[in-house]
Every structure is written in C-alpha cells, then in structure tokens.
1. Looking only at residues that are in contact with a Phe, Trp or Tyr (Cβ under 7 Å, 6 or more places away or on another chain) and part of a strand (DSSP E or B) in segment 216-238, which one is nearest to L180 (Cα to Cα)?
2. Is there a residue in segment 257-264 that is touching a strand residue (DSSP E or B) at 6+ places or on another chain (Cβ under 6 Å) and polar (S, T, N, Q)?
3. Quick check on segment 258-269. Is at least one of its residues without any contact (Cβ under 8 Å) to a residue 40 or more places away in the chain and farther than 28 Å from G190 by Cβ?
4. Any idea which of (1) more than 30 Å from I494 (Cα to Cα); (2) surrounded by fewer than 14 Cβ atoms within 10 Å (Cβ to Cβ) is the one P438 doesn't satisfy?
5. Look through segment 265-283, keep the residues that are among the aliphatic types (A, V, I, L, M) and outside any loop (DSSP other than H, G, I, E, B), and return whichever of them is farthest from D68 (Cα to Cα).
6. All but one of (1) within 23 Å of H124 (Cβ to Cβ); (2) surrounded by fewer than 18 Cβ atoms within 10 Å (Cβ to Cβ); (3) out of contact with any Gly (no Cβ under 8 Å at 6 or more places or on another chain); (4) touching a residue at least 60 places away in the same chain (Cβ under 8 Å) hold for G219; which doesn't?
7. With R363, R320 as the choices, which residue is of a type outside the set (S, T, Y) and either buried (at least 20 other Cβ atoms within 10 Å of the Cβ) or in contact with a helix residue (DSSP H, G or I) (Cβ under 7 Å, 6 or more places away or on another chain) (or both)?
8. Would a scan of segment 428-435 turn up a residue that is surrounded by fewer than 19 Cβ atoms within 10 Å (Cβ to Cβ) and in contact with a strand residue (DSSP E or B) (Cβ under 6 Å, 6 or more places away or on another chain)?
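The values are calculated or read from the model by the stated rules, or taken from the named source; none is laboratory data. Here the structure is a predicted model, which is why all the values come from computation and not from measurement. Cβ placement follows ideal geometry from the backbone for every residue including glycine, while neighbour counts extend to all protein chains displayed.
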Amino acid sequence: MTSLGPVLALVVSQLDGGVADVEDLSLEALLDTPVEVATRDARTSTLEAPNVVLVLTRDDIVASGARDLLEVLQLVPGFSFHQDVGGVVGAAFRNLWAHEGKLLVMLDGQEVNELLYTTSQFGHRVLAHVIERVELIRGPGSALYGGTAELAVVNVITRQGRTLKGGEVMGRLAGSTNGLHDVSFGAAAGSQRGDLEWSLTTTVGEGRRTLGTYTDFSGNGGSLAQEPLDPMFLSAFLSKGPVRARVMLDDQRIGARVGYGEFQQARDETRFRTLLADVQADLQPASTLTLRPRLQARVQTPWQTTNAASPFFFDKSVVRALTGLYAAWAPVASFTLSGGLDGFVDHAWLNDPRLLGLQTDFRGRPTVSYLNVATWLQAQWSGPVNITAGGRLEWNQAVGVNVAPRVAITRQLDRVSLKALYGGAFRNPGIENLNLTPTIRPERTHVVEAEVGIPLGEVAYVSANGFYTLLTSPIIYGLDGATGEESYRNGGAISTAGAEALLRLRGRRGSLTVTGALATPVVTNDVDTYLVPGAARPTLLGMPLVKATAFGRVRATEHVSFGGSAVFFSGRQALVTASEVLDGRGVVSALPAALLLTVWAGVDDVVLPGLSAQLGVGNLLDANVAFVQPYDGGQAPVPGRGRELYLRLSYAFGEATK
C-alpha cells in the first residue's frame, strides 16, 4: 500500500459502524463493473476499457442531490453547460463547445440527439428519479458510434427490472421565496423471472431554468420566472429469451423569450419530441460467436415553435429508419474480434409549409432524405499488455466517406491501471446544417490520452489523465443580426489540452468522490467566434480554466444520512449584459469564480419500510453561475438558479426492499 493508503483508510474507517453497506457495490466491485458503452459489449470493466471511462451509480446520483442529467454531468471532469439560442442549454466538454453534434447522448443505449441539427438539450430533462447509472466515455467515440460522438459519449441507464424487483414512486418539490423552481414526479416498475424481464419508467414535471431577469445587449429584458422547462418521459422495456424490445417517448417544452439575442415580449415555447422503437436479438449460433441484429425507428420534431406570429416559427419533423448487425467472435479467451454494419435513412419534412420566422424549405422542396452506411471493426487482445485496435468507415450520401481509427494500449499491474489511447473522430453535418449551407464539410478530430489509476488500500482509488484534442474544420454557426439568416462555415482548427484527476473513497458508512480538471486552448486558427476579442492570449469565451467537484454521503445511523455536492468553477471571460452597449453587442467582462454547494439530510424507512425522504438546500451560497454563450452569437447571459429548498420523497416496494 502506498503512503497515502493508511491515511485514506483512516478517513473512511471513522465512518465504519457495522451497519449495512451504504452502497451495494464495494470499491473493487465498482471498478470491475462491466460497461457496454466503451466497446458495445458488456465484457470490459472500467479499469480495462480502452477509453477514459467513468460510471456514476444511482447512489452517487442520490448522494449528490442532483435533480437531472445536467446536474449529474456537472459533477464529471470536463463538462460545463452554456446557453445556445431559444432558451436551450447545451454542453461543452474539455472547454470545446460540444452542443451541436459533438456529444452523443443515449438513453438505454438508444441515441436521442435530435436529427436536424444533432444537438442535445439539458436542464430538467432526464430526471434523476429514473436513472440507474450513467456510463461515460470521456473522449472520442466515433469509432463505435459515428458522427455525433466526436468528443464524448453519455449513456444513461434507466431503472431496470432486475434491480427494481417491484417498483418505486418518486417526487421532488423545490422553491424559494421567489417562487417555484420545479416539481416533478417519477415512477418505475419492473421485475425479472427466468429469461423474462420487463420495466416501465416515467417522469413528468414542471420546472424553471431560472427565476431571475434576462437583459439583452440592447438593455431590454424581463423576468424568466414563468418560462417553462417541462419534461415528460416514458420508457417501456421487455426482454424474453434472446429478444429485447424498447419503446421510448421523450418530450420537453422550453421557454423561448430569450430568443436569438433580443428579449421577446411575447411568450413562445420551443418543443422537442422523440418517439423511438427498438428491437434487438442476442443470438449465439456457436459458443465463440455472438450476433445481434437490430431494427430501430426514431421520429423527432425538434425546435418546434408553431406560433405563426413568432419570429422563431419552425415546424419540421424527421424520421430515421435504422438496421444493423453486431458480431463478436472470441476463438480464445485472450482474443475477441467484434464489429458491425449499420445503415440508416433520414427523411425530413415540413409539417407546416409556410415559410415564416426561421423556417425554410429544403432547397425548394418540402422533403429531403439522406442515406448513411457504416461498418466498424475492432480487435481486442489480452496479454502482458491489452491492445485494442480498429476503427469505423462511414459513407454519407451528402458528405462522402469518413474514417475514425482507434488504438488503445492498457496494462494491469496488481490493480494499477495504465492506459495510452489514440482516437480519431468526426462529426457529420446535420440535415439543417446542410440545408442552410450545402457546401459544409465534416469536422475531423484527433485525441491523444493517457491515464493511470492506483488503488490505495481497499477503500480508495485515485486516477489521473492527460489529454490533447485537436479539432480541424470545425462547423461554426453564424447568425446575421440584420437579416436574421442562419448559416454555417468550416473554421480552421481549435484544440485544448489539459489534465483531469479523480479520487473515490468508499466505506461501510459512506462514500466520497472528488474530481479536478484543467483545460486550456492551444490551437485557435480561424475560430474567432469562440474567442474573447482583444485578449492578450487566446481565451475561450465562457470556459473555466479550472473546475473541481466533490460529492458523497455519510450514514450517521442505520436510517439517517447526510450528503451533498460542491462544484467549483474558476473565473471566466464572457460577453455579458453591461451598462455599456456597443452597437447592440455585449461587452467582455470577467465573471468571478463560483461555488455551487448542495447539502441535504435524509431518512430511510420513514414510518414504513421503503419510504425515504431527503430535505436539502441547493445552491446554498446563492452563487450566480450564469449560462453564458460560448461563442459570439449576440446572446446575453441567462442567470442560473438561485438558492432553493427542496424535498425529495421516494417509496420503493417489492422484493428489493425486503
């Protein structure tokens, strides 16, 4: 054991009181947990995965006090959140704006990025009520998943029948003296009997991004306290023998008064809907061969604003019909060859033919279709070192051929984990990117990473990694302030480099996770829209140089717990609303460092077994971590949520509570 081991063991041992484990998994079991997101096959643990991988369990999420996926990912090294347009908030990763097509988000292995612009929306969406765990690739995933997994991959696993063995109902209410922050309800039920497993999960809610006031760069503004941030989610899963089927509905309404820069006096809503059905079969024609055929249909209506008087009128839908085959051949225990073939057609159409607001047709037509075919292959060999090599070859009807190679070398030395990784990645432009600028080309990305992980006794694990990400020909959004016309162009190159660290403590009465991350720009060639104008050295708009987090819980008695989370952002440079106004544009100002602190106390088995309550304070210090725009798009910051008091209740029933 290293010299730090006894110190960390002592810290956790002070929490040890002989009661049941606060988590089902020990630290060793957590690190050995199979993760499918890194290889598309749940045979590889987090330590052996050929990526920088992190798994957050349900206990991690409950311990942090997070209400939704945004607050969960905010705990992860590299992630920060910023506003786009129309009231929408997206993610950055390692200080690169990832919102449009660079971050793949999956729910139960199903891709849910919208297909017109390939974005993902965050904030009171994918509520913590129904999250079983979150698997993350903190790095490129295009070799496995294609052109929306350029920088990172997030796979949210919802509650499963095998762990529920009954059901659970949940509710959360949060507010302050200024009004209601959010109210939400969730329910999950499921079980497993032999080769039959089923689950049903749902959430519904009413929320707010902020109760504060928005002021645009022209000095106009008003309260956002009534702007909706309302989700509805439903997922049904059934597995019988080798066949698995899932149906999913994801629907969110977002208030859009912040518009595309100018505050809107009239109240509009932007709506995002996804309806998805997926069927797969796990077949094993031989002991060494696994086949998984798949069929999927996904229908989406994103960015929908149906008010004809709105300057943001937009009403289009798109369907993706996908078929695929995954195969894995393991002739010996030390070697696996896996790969697959995926093909899909995207077909988009106008729901309303009127060319009002932001709506355009498809270059003079009411519909458009694109074909995409891809094949991927990877070989994994286990020996003195573990080697993974392979890549993806993808052809898109609009932009041609893309290639994403992948090489990983890992080594296990008595639980010490060493990784050296290279990943190529790409981002294909979405349907609307091509519609607005037909000459737009794909982005290309190269990522080099190295990671070391060291166990410190039986109670602690520490890891550190370094990275360099180079993105060439980035697809950059532009909006003409005079005409309101949107367009895209390919920039030159942009890159960031940095380091991340993680410490996990896990004992019989508690758990604690601490992370730190640093990312700084290196190359900034022809990407001025992402840069602070006039800065002495290249500085990325709205991005924190340093971020640190901590979250966990302590069980004081068998039934009473305390926990919470802390998220620290260093100071940022951003275009902010100020008393000075220059031609309706913002003035660059320094935003101070900020700490988001959540604390809570909870009681399990209140009155009856399975009933739990958590009373907490979110943003205890009332820090204003504003959602700033990470590019020069004319958008003033949207205030973050202020201090809130929240109550979370849950009642679990069935075999899992016995």
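1. So the residue we want is G222.
2. No, that holds for no residue.
3. Scanning segment 258-269, I find no residue that is without any contact (Cβ under 8 Å) to a residue 40 or more places away in the chain and farther than 28 Å from G190 by Cβ, so the answer is no.
4. Among (1) more than 30 Å from I494 (Cα to Cα); (2) surrounded by fewer than 14 Cβ atoms within 10 Å (Cβ to Cβ), P438 violates only (1).
5. As a first pass, look at segment 265-283 and keep what is among the aliphatic types (A, V, I, L, M): 266, 275-277, 279, 281, 283.
Next cut, outside any loop (DSSP other than H, G, I, E, B) only: 275-277, 279, 281, 283.
Details: L275: 20, L276: 21, A277: 24, V279: 27, A281: 31, L283: 35 Å.
So the residue we want is L283.
6. (1)
7. R363
8. Start the filter on segment 428-435 by keeping residues that are surrounded by fewer than 19 Cβ atoms within 10 Å (Cβ to Cβ), which leaves none.
No, that holds for no residue.
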